[in-house]
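Down below is the structure, laid out as structure tokens.
Just so it is clear, none of the values below were taken in a lab; they were calculated from the coordinates. Keep in mind the model is a prediction, meaning the values are calculated, not measured. Please note: Cβ atoms are built from the backbone with ideal geometry, for glycine as well, and neighbour counts cover all protein chains shown.
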Amino acid sequence: MTVANETARKEYDGNDSTTEFAISFYFFVDGDINVYLDEVLQTLTTHYTVADAGEPSGGTLTMLTAPATGEVLTILRDVALTQGTDYVENSSFPADSHEQALDRLTMIVQQLQEEIDRAIIASPESQVTITMPSPEAGKGLVWNSGGTDLENTTDALNDIVTDAETARTAAELAQTNAETAETNAETAETNAETAETNAAASAVIAAVSADNVTQDWIPIEWAEDGASPPDTTEAYTVSNQTVRVRKFRGDTGDQDVTFSIRVPPYIAGSTIKVRPHVIVTEGTGPSNEGVVTSFAGHCNAIGSAFGSVILATKTGWTASQNDQDNLGWSAAITPTGLTAGKILMLKMFRDQDHGSDTYAQDLGYWGIDIDWAP
């Protein structure tokens, strides 16, 4: 026999009905075939059978269950890396077994080439010898300063974390300035907060215009008390790092606040999404538990009815005291009258009565993200 083509692999898309698939390459025995369904190795006779082993034109694979639509069936030749032909001295030349030994070596070369084709290799002109460093949790791979090999990054921080730290530092500085103004007089505090709000809003609009993003961060201290307000805004400090939070009860009732936010010019469409950010303030953190936050809004006259209540739900949550996290994006919210330049009245309340809110401790909310073009 001869190995007439270079094929050692075949893929098929499932369709919920087809069970027979052509093996378009030569193989010796049924065990020379490996079958993967969506990258999961299948078992001969348990998941599939093979027919026509030893035929140069190939054979047929029969799945006991038809692959589903969306699943990918991959057939690979996997010949053992051995040589079993024995040449006896002074005997006649064993043409058939010799040819089969050559076929086997060719198959081995083909299956190794198939694996090489899926490997990461340097370009032909490169003279770099690549050595993978030992993995370190949370770190990435980069080229060293000489561009000659790979190494782990020095630390696990990325640009997003750096930006968050910069924003936190700016927020802490603004908070310090606001607290200093508060000690002077009530009127001075009001003026300072108004100026801070306007400056922050201008900074957000400028940043959005420059970066072409559509999300805003709104701190909790911008919110006004609702019908059943949570605790007043308080400074939460750990190791000289301070944030402003409002603690929403976890044992009874649905406490609420209302944000008044000018709709920016980069609003797109009639819907928004909201993502609350929290800090675990209590000694007992959530352990595979859930928190539900509800939102409703309008851009109509003050006192108008809020729109439909939309949930942002986080389930299976485990965290410890002082951990910060977000509770996930809400579904699309459709405030009535949503138009650039209007004031959005956005009501937020912890939906403690909801069946999925199983974390019975207080929880510190320190702000929300708003996506104006979800």
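Once you have a ≥ b ≥ c as the square roots of the Cα gyration tensor eigenvalues for the range 103-148, tell me rounded if a/c is under 1.5, and otherwise prolate or oblate according to whether a/b is larger than b/c.
oblate
With the crude spin-label approximation of a point 7 Å out along Cα→Cβ, what separation in nm comes out for residue 20 versus residue 165?
My value for the distance between the label points is 6.4 nm.
R0 = 56 Å: FRET efficiency of residue 214 with residue 45, Cβ-based, nearest 0.05?
0.50
Efficiency by 1/(1 + (r/R0)^6): what FRET value for residue 127 and residue 80, r their Cβ-Cβ distance, R0 = 45 Å, to the nearest 0.05?
0.80
Taking the Cβ of residue 353 as the centre, find all other residues whose Cβ is under 14 Å away and add up their charges (Lys, Arg: +1; Asp, Glu: -1).
That works out to -3.
Could you check which residue among 44, 173, 338 shows the biggest mean-square fluctuation in a GNM of the chain with a 10 Å Cα cutoff?
Most flexible of the set in this elastic network: 44.
Kindly count the pairs of lysines across the chain whose alpha carbons are less than 26 Å apart, treating pairs on different chains or eight or more residues apart as eligible.
Value for the chain: 7.
Taking Rg and Dmax of the Cα atoms in Å as the quantity of interest, determine which of (1) 32.2, 112; (2) 27.9, 98; (3) 28.8, 100 was computed from the displayed structure.
(1)
Whole Å is fine, so just give me how far the alpha carbon centre of the range 40-67 lies from that of the range 256-274.
One Cα centre to the other: 57 Å.
Any idea how far apart residue 329 and residue 139 come out in nm if each label point goes 7 Å out from Cα toward Cβ?
Once both label points are built, they end up 3.4 nm from each other.
Please list 73-79, 175-181, 94-100 highest first by mean number of surrounding beta-carbon atoms within 10 Å per residue.
73-79, 175-181, 94-100
Would you mind working out the magnitude of the charge dipole of the range 214-371 relative to its Cα centre, with +1 at each Lys and Arg C-beta and -1 at each Asp and Glu C-beta, to the nearest 20 Debye?
The calculated dipole for the range 214-371 is roughly 520 debye.
Evaluate Rg over Rh across the range 122-178, taking Cα atoms for both radii and Kirkwood's formula for Rh.
Taking Rh as the inverse mean 1/r over Cα pairs, Rg/Rh reads 1.28.
Please report 63, 132, 348 as a ranked list, fewest other C-beta atoms within 10 angstrom at the top and most at the bottom.
Ranked by crowding around the Cβ, least crowded first: 132, 63, 348.
Would you mind classifying the range 203-308 by shape? Square roots of the alpha carbon gyration tensor eigenvalues, ordered a ≥ b ≥ c; an a/c under 1.5 is rounded, otherwise it is prolate if a/b is larger than b/c and oblate if not.
Verdict is oblate for the range 203-308.
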